[in-house]
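Structure, as structure tokens:
The values are calculated or read from the model by the stated rules, or taken from the named source; none is laboratory data. Note that this is a predicted model, so its numbers are computed, not measured. All Cβ positions, glycine included, derive from the backbone under ideal geometry; neighbour counts span all protein chains shown.
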């Protein structure tokens, strides 16, 4: 399946990254000279995405100005300046700006390095893997050993057939959700109109046996605190040096 639409969740306050986020939105914090959101948008563009919705709230004017300079993918703004909608509410609102075809969902403050040149990227692999006949959502996953900046906890257990359940020791392979989803917008047609957490839909999909995971290639990075910026940059430098 080719996926040409995307939603990037970027409206959070970034409270744990203060004081850096006292003057700027978290997605614009630079890691190795590049704003975090551009790692996500560049990955989407490389995977063939034509348009991406980005929701904005904290220092929304800075976000809009930065995004106005992009031509690929085309950027559509979902304005949450009046009210934060949480991950699920923000996604449901943003999807209303797109058509009904399959969509990638990504977090603006989580990214990976190490897609192999000449091979299918992680997002292209995720699009190929996603089967809406069997799956509500396909999540990109990673092992704890391939993360930097994570809290050390596993999110899901991955079964041999690719199904995900909430992590339980000894049940399947322990994995971390890597912040990228392939799904159909229709999944959220019954979503509340106010703020809610996307975990509701993860749990519904698990209950129906329709939440699946695909292991990513490369190294996954999250930046939650000021100290994590240095760790992320060291990981990028180390990965580049080993390549």
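Counting only residues that are surrounded by 17 or more Cβ atoms within 10 Å (Cβ to Cβ) and closer than 19 Å to residue 40 by Cβ, the range 87-101 holds 8 of them.
In the list 166, 134, which residue meets the criterion of being closer than 20 Å to residue 88 by Cβ and surrounded by fewer than 16 Cβ atoms within 10 Å (Cβ to Cβ)?
Being closer than 20 Å to residue 88 by Cβ and surrounded by fewer than 16 Cβ atoms within 10 Å (Cβ to Cβ) holds for just one of 166, 134, which is 166.
Scanning the range 34-48 turns up one or more residues that are over 29 Å from residue 184 (Cβ atoms), surrounded by 16 or more Cβ atoms within 10 Å (Cβ to Cβ) and touching a helix residue (DSSP H, G or I) at 6+ places or on another chain (Cβ under 6 Å). Here is the figure for the range 152-190: residues that are assigned to a loop (DSSP other than H, G, I, E, B) and either free of Cβ contacts under 8 Å to residues at least 24 places away in the same chain or more than 17 Å from the chain's Cα centre (by Cα) (or both) total 16.
Looking for whichever is under 24 Å from residue 7 (Cα atoms) and either modelled with pLDDT of 95 or more or not in a strand (DSSP E or B) (or both) here; the options are 117, 127, 145. Which one fits? First the steps, then the outcome.
Details: 117 fails: under 24 Å from residue 7 (Cα atoms); 145 fails: under 24 Å from residue 7 (Cα atoms).
Answer to the selection: 127.
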